[in-house]
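Below you'll find the structure, written out as structure tokens, and then a few comments.
Nothing in this text is a laboratory measurement; each read-out follows from the coordinates by a stated rule. What you are looking at is a predicted structure, and each value in this text was computed from that prediction instead of being measured. Methodologically, a virtual Cβ is constructed for each residue, glycine included, from the backbone with ideal geometry; neighbour enumeration extends over all protein chains shown.
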Amino acid sequence: MARETDIIYNEALLVKQAQPELEQLNSPSSTAIWSNWLMVFARIIHLFEVKMDLFKAEVQEIIDNNQYGTLYWWALRTKEYQHGELLQFLNNHYVYPAIDVAKQIVGLVSITDERGIVKIKAAKIVANQPMELSAQEAQGLLSYCQQIRPAGTRIAVESLPADLMKVSLNIYYNAQIDLDNLIPNVEAAFVNYINTLEFDAVFYVNKMIDALQQVPGVTKEQVEVINIAAKQGTDPYTSFTSKYQASSGYFKIDPDFPLSATFNYIAG
């Protein structure tokens, strides 16, 4: 870490004072030439050390981003996939001849190692919302990953539509609050909770309750869970009481069970 200028100056001053041939340079004036030159030297060394810190950080970032075959490496490489483009073998590795951000369709990715298989769960972003890749896009991503993979690595690519949720709650509120204003705020708080979860993160019931209790007008400790259930695709709904991890990596409210119909408000 770069030393401060004053520290470098004082260290240089100690070296100077240890040199008998320099003992005549002893003017206490802040404008003394020897003192000014010592300060110039200290500032140059400080700037050099700052540059070295930046250089070391840049080198470390390159090293961290190129640990070949790690889960983090896979996450970075997956987001670099350019749909519709072919890789070229240059300088002993596969790269795109040109970077085209518009073709980098993978906006969200989760990498796990499941019994020796690198599982890549991916989604794209459409209108600021996660969405599954098309069958062609998912196949293209798999082909890309198979081309860049370390030898012998087995890969699986998965991109699914959002896991649907239906949520039944009793929400107690202060009767002095206008219910017409409270309802959209509560629903927005719930939607914000699921939308701000990290991709492939776990939905925690207690954290969802905490988010709703922050809405002005909701009575503290008075959000009662009647039932929370989720499902993927055509699977049946699975109720849960503590936590749930979406198979797709993200959630969506089932349009057949809107919050306006499943949230019950009770004045207190």
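Points worth noting:
- Assuming charge only on the beta carbon of Lys and Arg (+1) and of Asp and Glu (-1), the dipole of the chain about its Cα centre is about 540 debye to the nearest 20.
- Remark: relative contact order (segment 163-267) = 52 percent; criterion is Cα-Cα distance under 8 angstrom and separation of 6 or more residues.
- Taking Tyr9, Tyr204 and counting other C-beta atoms within 10 Å, the order from fewest to most: Tyr204, Tyr9
- Over 28 Å between alpha carbons, listed pairs Lys119/Lys231; Lys56/Lys124; Lys51/Lys119: Lys56/Lys124; Lys51/Lys119
- Virtual paramagnetic centre 7 Å along Cα→Cβ of Arg3, amide N under 16 Å, in segment 42-57: 42-53
- Neighbour counts of other Cβ atoms within 10 Å put Arg77, Arg149 in the fewest-to-most order Arg149, Arg77.
- Over the chain, the fraction of Cα-Cα pairs per 5 Å bin, rounded to whole percents and listed from the shortest bin up, is 1, 5, 9, 11, 10, 8, 7, 7, 7, 7, 6, 6, 5, 4, 3, 2, 1, 0, 0.
- Additional length obtainable on full extension of the chain from Ser27 to Ser260, 0.36 nm per residue less Cα span: 75.7 nm
- Applying 1/(1 + (r/R0)^6) with R0 = 51 Å to the Cβ-Cβ distance of Phe240 and Val50 gives a FRET efficiency near 0.50.
- Relative contact order of segment 71-158, pairs being alpha-carbon contacts under 8 Å that are 6 or more residues apart, as %: 28 percent
- Taking Asp235, Asp254, Asp200 in turn, the Gaussian network model of the chain (Cα-Cα springs below 10 Å) assigns the largest fluctuation to Asp235.
- Its residue count N fixes a reference of 2.2 N^0.38 Å for segment 191-268, and the Cα radius of gyration divided by that reference is 1.14.
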